1. Search the structure for amide H atoms under 5 Å from the amide H of A:V296, placed 1.01 Å from N in the peptide plane, and list their residues when 5 or more places away or on another chain.
2. To check my understanding: the extent here is largest minus smallest coordinate of the Cα atoms along each principal axis. What are those three numbers for chain A, in Å, largest first?
3. For A:H33 paired with B:D228, estimate the spin-label separation in nm (one decimal), with each label point 7 Å from Cα along the Cα-to-Cβ line.
4. With charges set only on the Cβ (+1 for Lys and Arg, -1 for Asp and Glu), what does the dipole of chain A come to about its Cα centre, in debye to the nearest 20?
5. Using only the alpha-carbon atoms, how far is helix A:94-107 inclined from the longest principal axis of chain A? Give it as 0 to 90 degrees, nearest 10.
6. Taking Cα pairs under 8 Å and at least six residues apart, what relative contact order does the range A:80-141 come out at, in percent?
7. Using Cα atoms only, what is the angle between the long axis of helix A:119-135 and the major principal axis of chain A, expressed in degrees (0 to 90) to the nearest 10?
8. Going by alpha carbons, how many degrees (0 to 90, nearest 10) lie between the helix axis of A:280-292 and the longest principal axis of chain A?
2 protein chains.
Amino acid sequence: MSILRGNAIVGQSGGPTAAINATLAGVIWGAMHSENIGRVYGMKNGIDGLLADTVIELDGYFPDEDAYEVLKRTPAAALGSCRKKLPTEGDAKYKQTFEKIIEQFKKYDIKYFFYIGGNDSMDTVAKLSKYTKECGYEVRIIGVPKTIDNDLLGTDHTPGFGSAAKYISVTMQEILRDTAVYTVKAVTIVEIMGRDAGWLTASSEVGRLVGLPSPDLVYLPERAFDMDEFFQDLKKLLSEKPNIVVAVSEGLQFADGRFVGESTQGGAVDAFGHKYLAGTAKALELAVKDKLGVKVRSIELNLPQRCAAHIASKCDIEESFSVGKAAITAAEQGVSREMMVILRDNNEGEPYSSVYGHMDIDLIANRTKFVPKHYINERGNHVTDECLRYILPLIEGESYPEYKNGLPVFFEF
Amino acid sequence: MSILRGNAIVGQSGGPTAAINATLAGVIWGAMHSENIGRVYGMKNGIDGLLADTVIELDGYFPDEDAYEVLKRTPAAALGSCRKKLPTEGDAKYKQTFEKIIEQFKKYDIKYFFYIGGNDSMDTVAKLSKYTKECGYEVRIIGVPKTIDNDLLGTDHTPGFGSAAKYISVTMQEILRDTAVYTVKAVTIVEIMGRDAGWLTASSEVGRLVGLPSPDLVYLPERAFDMDEFFQDLKKLLSEKPNIVVAVSEGLQFADGRFVGESTQGGAVDAFGHKYLAGTAKALELAVKDKLGVKVRSIELNLPQRCAAHIASKCDIEESFSVGKAAITAAEQGVSREMMVILRDNNEGEPYSSVYGHMDIDLIANRTKFVPKHYINERGNHVTDECLRYILPLIEGESYPEYKNGLPVFFEF
C-alpha cells in the first residue's frame, strides 16, 4: 500500500434521500481527519459541477462536530444533484468530457474522488475509473451507494433505504388507524415508490412481524399483476371486514408488460387527447370503483418517501455516516475503482450488526437487485416473514432533526 | 350551580386527526378524577354506537398515567368515528331516534355527554341539546371541537389544526429541499387539504416568517383562482430561478364556481366516460405541462395530513388534552349545550398562551370560519405575515409517539 497525498472532492448524484447527507457528512468528516488528504472540495450538482467548475471548499463549513450532526439530519442532496450520464467511448463528446475532468483534477490537485449516488451514479464512477486508469492519472475513486430503492447489487442494503422504509412503515401504521375508524365498507390503495424493485412496498407490511396491523394486500413489481385475482381477493376480504388497505408498487405491471398505472380501464385521456398517466393507485382506484362500487381512496406517498428527514431510521443515518467515513479509510489504504458496501453480520439469535466493505464497481453498475422470489408468497399478494425479518432491523431507532420555531433546522452550504 | 351526579359518556365523530385522541384522553382523565362522575363510558363509532348499543366501559383501560400518554400520541379516533347526521324535527325518524338516545341515557344513567368532533358533529350536539332541553331530561352536553381544517367559529383555532399544520409545514420544508437539488427547470405543485377554508394551505408558507424557504406561490379557496394570472406569475418565476414550488388548496375554485380539480383542461374521462376527478394539483400539473412544457410534478399530501402522529405539534397535543379536561370542569360547574373554545392571550410581545372557554353551540354549528381577506395578499398568491404570525405558535414543539421495534406504539381499546 502506497501513501497518496493530495486533495479530495466529493459529489452527490441521482434522486435525493433522507440519508445521502449523512454519507456526505461521513466522507467530509473522514477527509477532514485524514493525514493524507489536504483540502476537501465539493462539486455542486455532481459531475456537472466539476465540469462547470462550480466547486466549493468545504473546510470552513465544519468548525465543530455539531455541524456534522446538522448535515446528517438534513434531507436531499446538500451539494445539489444531477442526472448526468457520462459519454461512452466512441461518443462524440467522450474525449472532451474526460479531458476536462482530468484538467479539473489537476487544477484542484485531486487525488481522492468520492461519488455518492445510486445505480446511474455508479456508472459515472465506473467510467471515470476506466478512463483514469487508461490515461494513467493517479486518483483513488470510490462510489458510495445511496438509494431509497435498495436495488443495488453487492451490498446487503443501500444507505437511504432504511429511512424511506421507516417513513413508509410508520405512515402505513397511521393510515391503517385512520382508515379503520368508520364502519362503511371502503378500500384504500397506497402507492409506494419503486419502479423495478419492490423493497419499499414490502416494508409497508413490516408491522405484521411484530403483531401490529398491516396492509391486507401487498403487490410488488417483481410479480405480474393479475386484475382478476386482485378482485377475487378484495371481494373475499370485503365480505369479512369493512376496511381494506392495499399497498402497491408504482412499477406494478401486468403479465404483458403494460404498467398498471398506464391504463387499467382503457387509459383516460385529457381534453387534448394526451394519455393520462394516472399512477398505479389511481388506476386501481378507478377499476375498483367500477367493478365493486365501494368507497375507494388512493394515496400516493410521493416525494416525502425520499426526503422525510423528520422521521428517519437511526440505524440508516448512523450506517450512512459510517459508510462515508469507511470510504475515506478504504481510499487511504489504497482501494480505488470500487463501491462501498454494507455487509450484515448474520448470526442467528444475535442482534443486528453490520460491517463495511467494498466491491468492484463493474460488478455493480447498471444492474438491479430485485426482491427474491422466496420473499414473496405464492399468491403474490404478500411478502414473507423472512423478507420482513430482513427489513425490520433497518428501520430501528428514530433520527430526528433539531427544531427551531417549530420547524426543522437543516444544513446550508 | 347545582351538583349533578351520574355517569359520563364520550364519543368521537367526523374525520380523524392526530390530536382527537389527546382530547379523548383529557375528557377521560377529567371524568376519572371527578367526584361527581361515576362510571365513564365510550360510544364506539360516535352517536351510531350509542344507538346501536356498542358502548364500552373505559375505566379499566387506564390503570396509570402512562396509558393517557399513549392515547394522547395515538392518531385517528381510538373509539371509532361516524358521519351520522341526526334527523331534524319533522323528519320521519326524528322521534324514534331521540327517544332511543334518551332510553340509552337512562340505561347507563348518563348525566354527562361529551362529543368530540368538527362542524357536523356540533350539529349533533346542537340537536341533542335542543331535544333534551325540550323533553326535560337532565344531562349536561358539551361539544369539544376537533378538525384539522381550523374552520370552526368561536374558537381561536381548533384542536387538531396545529398538528396538521406542523406536518404540512415540516413536509413542505423537506419538499423545498428535495426539489432544489436539480438545475433543470421544474414546477412542483403540492395539494393541501381544505375544501372551504385555506388555513392548512396557509400553514405551508410559515417558514417564510422565520427566514426559511417557502413555496413560491400559495393559493387558498377563499380567493377565486385565475389561471391566466397563475401562468403569468409562473413564467416570471421560471425566468428567475429553476425550481418553483406551488401550494394549492384542494378546494380551489375558479370565479365561476367550478372546482379547479374538476376540469381545468376540459375534464379528463376514463374509458367508461366517467368524469375523472383528478384533484387540484393533478389538474394544474396537466395545465402547466400543456402551456409551459416544463417538467411538472404534483404531490397530494393526502391522509397523512390528518393522521401523522409521528410529527405532531406539542402545543396542539397539550391544548387538545387540556381542552378535554376543561370540558369536564365546565360540565361539573353546570355548563351545558355549549362547545368548548380556545382563546388566545394576545399580549403584544409576550409569548403565546391560551385559555379555555365555552360558547353557545347554536352560534357555532353549521358555520365556517374562513381565512379573512386581510390574511391574503392583494395578488391572491400568498398569505400575509399577520396570517403566519397567527399560525406559527400553533406548530411549536414536537410531540413524538413512543417506538418499539422501530414502529410507533399506539393505544387500543
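Read-outs: derived from the displayed coordinates by stated rules, not from any lab. Values in this document were obtained by computation on a predicted structure and should not be read as measured data. For neighbour counting, all protein chains shown are included, and Cβ atoms are generated from backbone atoms with ideal geometry for every residue, glycine included.
1. Those lying under 5 Å, H to H, from A:V296 are A:V187.
2. Dimensions of chain A along the principal axes of its Cα atoms: 70, 48, 46 Å.
3. Distance between the two pseudo-spin positions: 6.3 nm.
4. With Lys and Arg at +1 and Asp and Glu at -1, about 780 debye.
5. 60 degrees
6. 37 percent
7. For helix A:119-135, the angle is close to 20 degrees.
8. 0 degrees
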